[in-house]
Amino acid sequence: MQFHQPTSIREFIELSSNLSDQFTTLLAGGTDLLPRYERGQALPDHLIDLKKLSDLYHINIKDDSVQIGALTSIQTIQENPLIQFEFTALHMAAHDFAGAQIRHRGTIGGNIVNASPAGDLLPALYAFDAILTLIGPEGERQLPVQEFILGPGKTALKQSEILVSVTLKRNGYKSIFQKVGLRQSMAISVVNLAFVYSQKEDVFDYLKIACGAVAPIVVTLDKLTSTILDSTSKPDDWPLLIEADISPIDDIRATAKYRKQVVINLVKAFLKGQLDA
Ligand SMILES: Cc1cc2nc3c(=O)[nH]c(=O)nc-3n(C[C@H](O)[C@H](O)[C@H](O)COP(=O)(O)OP(=O)(O)OC[C@H]3O[C@@H](n4cnc5c(N)ncnc54)[C@H](O)[C@@H]3O)c2cc1C
């Protein structure tokens, strides 16, 4: 295996274009990748380490948006005061993420491209309608996170492309994240949820609920939220509306039935104002 460490995006693109017909993998923090190699997954012919790409470490605050570089660590996201106040669900997800070592090493880009149904940053990124910036030999393109993640471990990343940054609009919405795992942060989520909302006199005028680990990809509970926004559903209707958007499975961490009930309980608690950031 050959190891490469480009120092600029231009160098990365040149290198990955030259290797486009070879088995190549990108390495960020390695917290998903290295355990896979330890478990016996085949090593690539070329490993491109991204860590020297200084343009991918930033949190740029603009008047109407925040741009987070793909190599920004989970710890940096957790510590950023603007993310804590304006994108609280993302802050909470970073806070409840693994232990300190993994939070310092793991990156937002790795969490997105790994495309795990239980990835903890993903519900908040879905609920905030994050836009991803990708760069490759054909130039730069933007894609909503919902269109980038195609299935477990599957994304729309093209050959020789790199995820450069994540952009969030500063809409002033409130938000909350909830993670249920066998242990609080040191375990893969059994269910994780992000609630992004705005209210006037206790009535929602914006509401998005994104839910992880209950389907092959993160799902938004649109059937429920649309009926809450137009006041056409009652609490008794909520469980069926929630179930219409999720399709959990039994696995070693929990049964489908348990996952369904946890989602219903957490959503009900949120809608009754019983969850705090
Ligand atoms: C002990 C332990 C605890 C964990 N706990 C959690 C947890 O609580 N919650 C959670 O969600 N996850 C958890 N994880 C999983 C992992 O830490 C996260 O998914 C992390 O965000 C991955 O980031 P990374 O930089 O280490 O990715 P890497 O392992 O370096 O890469 C992951 C994938 O993304 C690709 N990639 C990375 N960056 C880019 C880029 N910029 N452009 C294109 N492709 C890219 C890589 O090629 C690879 O396919 C845990 C892992 C371990 C080992």
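Values as computed for the structure displayed
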item: The listed residue being of a type in the set (A, V, I, L, M, F, W, C) and free of Cβ contacts under 8 Å to residues at least 40 places away in the same chain, out of 249, 228, 217; result: 249
item: Count of residues meeting criterion [modelled with pLDDT under 95, over 13 Å from the mean Cα position of the chain (by Cα) and not aliphatic (A, V, I, L, M)] in the stretch 180-198; result: 4
item: Wholly enclosed strands (runs of 3 or more DSSP E) of the stretch 1-117 bearing at least 2 residues of a type outside the set (Gly, Ala, Ser) and under 16 Å from residue 165 (Cβ atoms); result: 59-61, 65-69
item: Qualifying residue in the stretch 182-191 (condition: away from the ligand (no atom under 12 Å from the Cβ) and under 13 Å from residue 218 (Cβ atoms)); result: yes
item: Subset of the stretch 170-181 that is within 30 Å of residue 64 (Cα to Cα) and surrounded by 17 or more Cβ atoms within 10 Å (Cβ to Cβ) - its residue that is nearest to the ligand (Cβ to nearest atom); result: 179
item: Residue ID - farthest from residue 88 (Cα to Cα), chosen from residues in the stretch 148-160 that are in contact with a strand residue (DSSP E or B) (Cβ under 9 Å, 6 or more places away or on another chain) and free of Cβ contacts under 8 Å to residues at least 40 places away in the same chain; result: 158
item: Residues of the stretch 132-153 satisfying the condition of being more than 25 Å from residue 8 (Cα to Cα) and within 10 Å of the ligand (Cβ to nearest atom); result: 153
item: Tally of residues being touching a helix residue (DSSP H, G or I) at 6+ places or on another chain (Cβ under 8 Å) and touching a residue at least 24 places away in the same chain (Cβ under 8 Å) across the stretch 76-90; result: 6
item: Of all residues in the stretch 109-131 being more than 19 Å from residue 259 (Cα to Cα), touching a residue at least 40 places away in the same chain (Cβ under 8 Å) and more than 7 Å from the ligand (Cβ to nearest atom), the one that is surrounded by the fewest Cβ atoms within 10 Å (Cβ to Cβ); result: 129
item: Residue pairs meeting the criteria (Cβ under 7 Å; at least 6 apart or on separate chains; first closer than 14 Å to residue 92 by Cβ, in the stretch 171-192; second at pLDDT below 80 and surrounded by fewer than 20 Cβ atoms within 10 Å (Cβ to Cβ)); result: 176/277; 181/187
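For (1) at pLDDT 90 or above; (2) out of contact with any Pro (no Cβ under 7 Å at 6 or more places or on another chain); (3) over 30 Å from residue 84 (Cα atoms), each residue gets a yes or a no:
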position: 233; (1), (2), (3): yes, yes, yes
position: 237; (1), (2), (3): yes, yes, yes
position: 240; (1), (2), (3): yes, yes, yes
position: 243; (1), (2), (3): yes, yes, yes
position: 246; (1), (2), (3): yes, yes, no
position: 250; (1), (2), (3): no, yes, yes
position: 255; (1), (2), (3): no, yes, yes
position: 265; (1), (2), (3): yes, yes, no
position: 277; (1), (2), (3): no, yes, no
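The values are calculated or read from the model by the stated rules, or taken from the named source; none is laboratory data. Computed from a predicted structure; not experimentally measured. Here Cβ is always computed from backbone atoms with ideal geometry, including for glycine, and neighbour counts include all displayed protein chains.
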